Amino acid sequence: MSRKEALSSFIQQIHGRPVVVKLNSGVDYRGVLACLDGYMNIALEQTEEYVNGQLKNKYGDAFIRGNNVLYISTSKRRM
Amino acid sequence: MSQPLPNPNTLLPLELVDKCIGSRIHIIMKNDKEMVGTLQGFDDFVNMLLDDVTEYESTPEGRKITKLDQILLNGNNIAMLVPGGEMPGDSYEGQ
């Protein structure tokens, strides 16, 4: 179905791009997306943890279990 | 066994969402959050791909607004979808 293709092409496109991942708890993780699967499990590089908009921690690599993810956000690529 | 639909005019719920692709949609989440964005696609779990999103979060201090370019929204916390809906009272800027 065509409606699903938008999602799968998005998933393919965002590899290696900077993303913001928001968890249900409200915590934001900003980093470079290394890997993403169908469970929304995520591997991030150069991760920064923002709690209430304030930088709290930095991690080189981070794995986020998909059940905690509210959304994955990217800025639109401009050519 | 697949039973035939009672009426060919019947629209399945997800077909209604399918009709919204490309237009604005208002998403009400389970936990005091709402999203308004342009629907680009969704899957069987109703995970949604949205463009030009505004996230409204009602907090004790007021409404917190976040603008996002493009998001893949997890369907797990979605409660309701309102086609074509802009946020009611959009002129109100909480906080």
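The values are calculated or read from the model by the stated rules, or taken from the named source; none is laboratory data. Keep in mind it's a predicted model, so treat the numbers as computed, not measured. Glycine gets a Cβ as well: all are built from the backbone with ideal geometry, and neighbour counts include every protein chain shown.
Within the range B:31-47, which residues are over 17 Å from B:Glu86 (Cβ atoms) and either buried (at least 16 other Cβ atoms within 10 Å of the Cβ) or hydrophobic (A, V, I, L, M, F, W, C) (or both)?
Start the filter on the range B:31-47 by keeping residues that are over 17 Å from B:Glu86 (Cβ atoms), which leaves B:31-32, B:40-47.
Within the range B:31-47, B:Gln40, B:Gly41, B:Phe42, B:Asp43, B:Phe45, B:Val46, B:Asn47 meet the criteria.
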Open item on the list: Looking only at residues that are closer than 25 Å to B:Tyr56 by Cβ and of a type in the set (Ser, Thr, Tyr) in the range A:1-44, which one is nearest to the chain's Cα centre (by Cα)?
Closed with: A:Tyr29
Task: Any hit, the range A:7-14, residues being on the phi > 0 side of the Ramachandran plot, within 11 Å of another protein chain (Cβ to nearest Cβ) and either surrounded by 12 or more Cβ atoms within 10 Å (Cβ to Cβ) or of a type outside the set (Gly, Ala, Ser) (or both) - done: no
Task: Restricting the range B:54-84 to residues that are crowded, with 16+ Cβ neighbours inside 10 Å and under 10 Å from the mean Cα position of the chain (by Cα), the residue that is nearest to the other protein chains (Cβ to nearest Cβ) - done: B:Leu73
Open item on the list: With the requirement that a residue be free of Cβ contacts under 8 Å to residues at least 24 places away in the same chain, among the basic types (Lys, Arg) and closer than 20 Å to A:Lys76 by Cβ, what does the range A:4-59 give you?
Closed with: A:Arg30
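Every residue, every condition in (1) closer than 26 Å to B:Val17 by Cα; (2) assigned to a helix (DSSP H, G or I); (3) at pLDDT 95 or above, yes or no:
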residue	(1), (2), (3)
A:Glu5	yes, yes, no
A:Ile11	yes, yes, no
A:Cys35	no, no, no
A:Gly38	yes, no, no
A:Ala43	no, no, yes
A:Tyr50	no, no, yes
Task: Restricting the range A:54-79 to residues that are within 14 Å of chain B (Cβ to nearest Cβ) and in contact with an Asp or Glu (Cβ under 8 Å, 6 or more places away or on another chain), the residue that is surrounded by the most Cβ atoms within 10 Å (Cβ to Cβ) - done: A:Ser73
Task: Cβ-Cβ under 6 Å pairs, at least 6 apart or on other chains, the range B:65-88 side among the hydroxyl-bearing types (Ser, Thr, Tyr), far side in a strand (DSSP E or B) - done: B:Thr66/B:Glu55
Open item on the list: Can you confirm whether A:Val21 is more than 8 Å from chain B (Cβ to nearest Cβ) and modelled with pLDDT of 95 or more?
Closed with: yes
